[in-house]
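*Asks:* The structure is given below, and queries will be raised subsequently.
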Amino acid sequence: MELHILEHSLKVASIEKEGIQICTHGLIKLAFLASKTRCKFFSLTETPEDYTIIVDEEGFKELPQSEHISVADATWVALNVVSGGSNTSTSQPIGVTKIAKSVIAPLADHNISVFMLSTYQTDFILVRERDLPMVMHTLSSEFTLFRVVNGETVAAHNLGVTNGFVKPKLGKLPRPIIHPLSSPSNMFCVTSLDPDTLPSVATLLMDVMFYSGGQKESGASSEDSNHIRFFSFSLIEGYISLVMDEQTTQRFPNNVLFTSASGELWKMVRIGGQPLGFDECGIVAQISEPLATADIPAYYISTFKFDHALVPEENIQSVIGALRTESAAQ
């Protein structure tokens, strides 16, 4: 297996709902007019609390300075696991549970915090740039390491652990699930579309992203208090990924959105009662390891305040049961 260290220097930020209007121009440019920017990595996820953006430094320049934007205090680097020698963006989804034991758990054992972004195409593991030497040291025995430099994939030399500081290895300690879990009633689709068709649905996507959520959400909540607003759009190196609930997908014209061969629907496990923060290690491992043991595939999307795992609809009850059993056992 190969581990690719992508060349993007990334910012993770939160935009308050009440401040989204002042950011809309820049966000629309990043999502729909990417050729007019130098941005290669852009992701926008709306939750009931806020919008989370993950964007490279060039893309971040498109956003205004505002008191409504909170930026995580670190530069992040994206890692991508690739089977064989296939291109990172065209490889099939590996799923966070497939890398739980080989990547997520070892990093947690070494006290390294991760921020996850699963897309239709692949899974990105974000780590702080300052942790990269320790990440490479930790994973070099399991993976062939490569770095992407100016678009070319080259062998990565182990940087070693610099400046004499080694994070304490926690060892394979039990990882109790300490954060509350909930499962909204929505069913979700993980999908994509051909970038060439993006202009034809741009108006619809803008409405979904910025304008229709509040009104529809209030209507949904009156019928179902367990229905949440969640929408994720990623445009990374030319590939589009969308995560939205089933009702939202029905607004799109036929044959525009890609689906898996099974047309699978996904249910969400939402992790956290209070905002999780960025310094706690092992949250992704707490969730992904039990799922990996049960061989249940999952997408995982971290946001500024909470984490979200998507599992196949038919597995949701067993997943919640397994995770709560895991929590109770500890």
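*Asks:* Using a 1.4 Å probe on the protein chains only, how many percent of the accessible area of the chain belongs to carbon and sulfur?
*Replies:* Taking all protein chains in place, the chain shows 50 percent carbon and sulfur surface.
*Asks:* Next up: Going by amide H atoms built from the backbone, whose H comes under 5 Å of the H on D307, apart from near neighbours?
*Replies:* HN-HN under 5 Å from D307: I271.
*Asks:* Quick check on segment 1-141: what does the Kirkwood estimate of hydrodynamic radius come out to from the alpha carbon pairs, in Å? Intermediate values should be presented prior to the final figure.
*Replies:* On the way: mean 1/r = 0.0621 Å⁻¹.
In segment 1-141 this quantity evaluates to 16.1 Å.
*Asks:* ³J(HN,Hα) across segment 50-62 via Karplus (A = 6.51, B = -1.76, C = 1.60, θ = phi - 60°), whole Hz, x for Gly/Pro?
*Replies:* Result, rounded to whole Hz: 6, 10, 9, 10, 10, 8, 6, 4, 5, x, 4, 5, 7.
*Asks:* Rounded to the nearest 10 Å², what accessible area does T259 have for a 1.4 Å probe in the complete protein model?
*Replies:* Per-residue accessible area (T259): approximately 90 Å².
*Asks:* Another question about this same structure. What pairs in K29/K98; K29/K267; K17/K61 have C-alpha atoms more than 24 Å from each other?
*Replies:* Details: K29/K98 34 Å; K29/K267 31 Å; K17/K61 20 Å.
Those over the limit are K29/K98; K29/K267.
*Asks:* Next up: Output wanted: per-residue J couplings in Hz (rounded whole) for segment 283-296, from phi through Karplus 6.51 cos²θ - 1.76 cosθ + 1.60, θ = phi - 60°, x for Gly and Pro.
*Replies:* In residue order, the calculated couplings are 5, 4, 5, 4, 8, 6, 5, x, 5, 5, 4, 8, 6, 9 Hz.
*Asks:* On a straight-distance basis, which aspartates and glutamates could pair with K101 in a cross-link, Cα separation under 14 angstrom, same-chain partners fewer than 8 positions away excluded?
*Replies:* Of all the aspartates and glutamates, those that pass the test against K101 - Cα under 14 Å, at least 8 places apart if same chain - are D109, E142, E289, D295.
*Asks:* Next question, about the same structure. Which aspartates and glutamates have a Cα lying under 14 Å from the Cα of K11, excluding residues fewer than 8 positions away in the same chain?
*Replies:* K11 reaches D56, E57, E58, E62, D73, E129.
*Asks:* Would you work out which of L139, T52, L30 lies farthest towards the positive end of the dipole of the chain, given +1 charges on the beta-carbon of Lys and Arg and -1 on that of Asp and Glu, about the Cα centre?
*Replies:* L139
*Asks:* List the residues whose amide H sits under 5 Å from the amide H of F42, counting only those 5 or more places along or on another chain, with H placed 1.01 Å from N in the peptide plane.
*Replies:* L235, I236, E237
*Asks:* Next question. Short version: ³J(HN,Hα) in whole Hz for each residue of segment 136-147, in order, from phi by Karplus 6.51 cos²θ - 1.76 cosθ + 1.60 (θ = phi - 60°), x for Gly and Pro, what are they?
*Replies:* 5, 4, 5, 9, 5, 6, 9, 10, 7, 8, 10, 10
*Asks:* Nearest 0.05, what FRET efficiency do R38 and E264 give at R0 = 22 Å with Cβ-Cβ as r?
*Replies:* After rounding, the FRET efficiency stands at 0.05.
*Asks:* Take the alpha carbon atoms of segment 25-47, find their center, do the same for segment 231-256, and report the distance between the two centers in whole angstrom.
*Replies:* If you average the Cα positions of each part, the centres end up 14 Å apart.
*Asks:* Taking the Kirkwood radius as the inverse of the mean 1/r across Cα pairs, report the Rg/Rh of the chain.
*Replies:* Ratio value, two decimals: 0.94.
*Asks:* Taking amide H positions as placed in the peptide plane 1.01 Å from N, state which residues far from S192 in sequence (5 or more) or on other chains have amide H under 5 Å from it.
*Replies:* For S192, the qualifying residues are L242, F258.
*Asks:* Ignoring ligands, DNA and RNA, what accessible area per residue does segment 1-121 give at 1.4 Å, in Å²?
*Replies:* Computed with neighbouring chains in place, this is 37 Å² per residue.
*Asks:* While we're on this one: Mind checking the dipole of the chain: about its Cα centre, +1 per Lys or Arg Cβ, -1 per Asp or Glu Cβ, Debye to the nearest 20?
*Replies:* The calculated dipole for the chain is roughly 500 debye.
*Asks:* For the chain, set up a Gaussian network in which alpha carbons nearer than 10 Å are linked by springs, and say which option among F42, F124, F210 fluctuates the most.
*Replies:* So, out of F42, F124, F210, the one fluctuating most is F210.
*Asks:* Okay, next question. Using alpha carbons only, what's the Rg to Rh ratio of segment 221-307 with Rh from Kirkwood?
*Replies:* Values: Rg = 15.4 Å, Rh = 15.7 Å.
My calculation of the ratio gives 0.98.
The values are calculated or read from the model by the stated rules, or taken from the named source; none is laboratory data. Just so we're clear, the structure is a prediction, and the values are computed from it rather than from any experiment. Cβ: placed from backbone, ideal geometry, glycine included. Neighbour counts: every protein chain shown. Note: areas computed on protein heavy atoms with side chains; ligands, DNA, RNA excluded. Shrake-Rupley method; radii C 1.70, N 1.55, O 1.52, S 1.80 Å.
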